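Q: Below is one structure. I have some questions about it.
The values are calculated or read from the model by the stated rules, or taken from the named source; none is laboratory data. This structure is a prediction, so every number in the text was calculated from the model and none was measured. All Cβ positions, even for glycine, are placed from backbone atoms using ideal geometry, and neighbour counts span all protein chains on display.
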């Protein structure tokens, strides 16, 4: 049952979908190419990017490996960037 105060800003599927699409589009990668390289159907990747379907943990790991970004980048980029900055300084 959805939360009565549901806000897409805090919905994990929406956050992930938005971040994945922004990553792909910022690199001008066609959906078809990314789907093929990940071994996915175009419709499957499109559903992730639209927040209709949430990837499994294994697929999140696959995306992290493909993008060379930690999984936290797709869920909480601000925290992830702060953590990476601390690790790089130490």
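Q: Which one of the conditions (1) in contact with a helix residue (DSSP H, G or I) (Cβ under 8 Å, 6 or more places away or on another chain); (2) modelled with pLDDT under 95; (3) assigned to a helix (DSSP H, G or I) does residue 69 fail to meet, given that it meets all the rest?
A: (3)
Q: Now for a different question. Filter the stretch 9-43 for residues that are surrounded by 15 or more Cβ atoms within 10 Å (Cβ to Cβ), free of Cβ contacts under 8 Å to residues at least 40 places away in the same chain and more than 10 Å from the chain's Cα centre (by Cα) and give the result.
A: 31, 34, 35, 38, 40
Q: Okay, next question. Which residues, counting only those in the stretch 13-55, are within 19 Å of residue 73 (Cα to Cα), in contact with a helix residue (DSSP H, G or I) (Cβ under 7 Å, 6 or more places away or on another chain) and outside any helix (DSSP H, G or I)?
A: If the condition is that a residue be within 19 Å of residue 73 (Cα to Cα), in contact with a helix residue (DSSP H, G or I) (Cβ under 7 Å, 6 or more places away or on another chain) and outside any helix (DSSP H, G or I), then 50, 51, 53, 54, 55 are the ones that fit.
Q: Can you go through 84, 78 and tell me which one is exposed (fewer than 11 other Cβ atoms within 10 Å of the Cβ), out of contact with any strand residue (DSSP E or B) (no Cβ under 9 Å at 6 or more places or on another chain) and either farther than 18 Å from residue 12 by Cβ or modelled with pLDDT under 95 (or both)? Give the steps one after another, and end with the answer.
A: Values: 84 fails: exposed (fewer than 11 other Cβ atoms within 10 Å of the Cβ).
Step by step, each of 84, 78 is checked, and only 78 is exposed (fewer than 11 other Cβ atoms within 10 Å of the Cβ), out of contact with any strand residue (DSSP E or B) (no Cβ under 9 Å at 6 or more places or on another chain) and either farther than 18 Å from residue 12 by Cβ or modelled with pLDDT under 95 (or both).
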